[in-house]
Amino acid sequence: MTEPVIELDNVSLTLGEGASSVHVLKGVSLAVERGQSTAIVGPSGSGKSTLLMVVAGLERVDSGTVSINGKTLTGLSEDAIAAFRGRTIGIVFQSFHLIPNMTALENVAVPLELAGHADPFGVAEQELTAVGLRERLTHYPGELSGGEQQRVAIARALAPGPAILIADEPTGNLDQATGRQIADMLFAKAGERGTSLVLVTHDPALADRCARQVAMRSGRIEAAAQEHEAVRA
């Protein structure tokens, strides 16, 4: 096995304070190979989405080590983590998280502009064309269907050329047919680029498409499930 693109070592995280605090992650250790597709599964409240946020550097852990693409995030400033995330990690959310007063083209170009890319709008147009939205560049999110909005979100996530693509219930707000199209696109684009895909899902069919499934329960990874190799659809 080559150096993991994601490596968590004995990570723990408590959210909230005092009587309202919740021990969300409890000694989680996980390694994900470069280019591998991994599904994080388990019941609601098991810590799946929090685990993704830790990988993305959006939640700081209380203890343990988080290493992403060969870089340890522990001890980095918020600005340094944000800059690293912008180059290394693409994120797709269930609810799209597009900026409503920006066009599809602008939504994809913004993170590229923030990263100082030489041609943010040219790259944004290429990415939107690649997800089948060449005719929708100037449309606002409110003028797009749910499936089209998620395609914009995928284009935005992939535009910087990240090593890792994480997706939190990416088909959760879509009907079955549209959800399958979005899943097809996620796996195809990640495969074409050698991008590691890590997704949280309650959908067994979507989880089964991943090369690996990691099951969580009560803030811990269930060891037996961690080694399970799922059958690709």
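Of everything in the range 1-51 that is touching a Ser or Thr at 6+ places or on another chain (Cβ under 6 Å) and of a type in the set (Val, Ile, Thr), the residue that is nearest to Arg212 (Cα to Cα) is Val32. Within the option set Arg136, Arg156, being of a type in the set (Lys, Arg), at pLDDT 95 or above, open to solvent by 30 Å² or more (accessible area, probe 1.4 Å) and under 11 Å from Val92 (Cβ atoms) holds for one residue only, Arg156.
Considering the range 169-225, and only residues there that are in contact with a Phe, Trp or Tyr (Cβ under 8 Å, 6 or more places away or on another chain) and either over 19 Å from Gly147 (Cα atoms) or not in a loop (DSSP other than H, G, I, E, B) (or both), the residue that is most open to solvent (accessible area, probe 1.4 Å) turns out to be Arg209.
The set of residues in the range 132-168 that are in a loop (DSSP other than H, G, I, E, B) and within 17 Å of the chain's Cα centre (by Cα) comprises Ala159, Pro160, Gly161, Pro162, Ala163. Do you know which residues across the range 89-118 are acidic (Asp, Glu) and modelled with pLDDT of 95 or more? If the condition is that a residue be acidic (Asp, Glu) and modelled with pLDDT of 95 or more, then Glu106 is the only one that fits.
The values are calculated or read from the model by the stated rules, or taken from the named source; none is laboratory data. Everything numeric in this text was worked out from a predicted model, so none of it was measured. Cβ atoms come from the backbone with ideal geometry, glycine included; neighbour counts cover every protein chain shown. When the accessible area is computed, the model is the full protein with side chains, heavy atoms only, and any ligands, DNA or RNA have been set aside. Shrake-Rupley method; radii C 1.70, N 1.55, O 1.52, S 1.80 Å.
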